[in-house]
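All remarks here apply to the structure that follows.
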Amino acid sequence: MPFAGVRFHAGDGSRAPGIHLLVDAELGAGLGAGGERDCGDEDASCADFPVAGGAYAGAGLGLRIDFFTPFVRARIQETTADGLPATTWGSAVAGFQFSAGEDFHLHLAAGWGGYWNDEDETVGPLGLLGFAVAWDAWPGGS
């Protein structure tokens, strides 16, 4: 199921050398259809093309020290779909972000993630590897 959202930043956004506190929050939602049904083939009330939806919220805290930023992040997500129980997903990670110039950033994090619903649950280790491009790196950015 695809999700889209926005991330809001607060704190010291300065790119000047030194130590800067960073705080962010994210909100998003998703919608999709298809996938595997969680009901017997004999159940006529079960959707042939199940629809799913959900929303998420998260928060993070970092400390930028020149090109290096240690951070912590947490996220909670709720999803539901035809023929499936409502499921809560959660994660918490700690990691590091490295800046390659002013506009491109790589991050690496590890922590725990999992899901919980009326029928099942699991929690385990989680690893993240990603990149970010500063908004003002795009034409027309501020």
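The values are calculated or read from the model by the stated rules, or taken from the named source; none is laboratory data. Keep in mind it's a predicted model, so treat the numbers as computed, not measured. When we count neighbours, we look across all protein chains shown, and the Cβ atoms used for this are built from the backbone with ideal geometry, even at glycine.
Close Cβ contacts (under 6 Å, 6 or more residues apart or on different chains) running from residues in the stretch 60-87 that are more than 16 Å from D120 (Cβ to Cβ) to residues that are in a loop (DSSP other than H, G, I, E, B) comprise D66/P17; D82/A47; D82/P50.
Within the stretch 101-116, is even one residue more than 28 Å from A134 (Cα to Cα) and either hydrophobic (A, V, I, L, M, F, W, C) or touching a Leu at 6+ places or on another chain (Cβ under 9 Å) (or both)? Yes, the stretch 101-116 has at least one match.
Please go through the stretch 84-106 and pick out each residue that is buried (at least 16 other Cβ atoms within 10 Å of the Cβ) and over 18 Å from G28 (Cβ atoms). L84, G95, Q97, S99, H105, listed by residue number. Selection over the stretch 64-83 of residues that are within 18 Å of A29 (Cα to Cα), of a type in the set (G, A, S) and over 13 Å from the mean Cα position of the chain (by Cα) gives a count of 1. Note on the stretch 107-142: among residues that are surrounded by fewer than 12 Cβ atoms within 10 Å (Cβ to Cβ) and in contact with a His (Cβ under 8 Å, 6 or more places away or on another chain), the one that is modelled with the highest pLDDT is L129.
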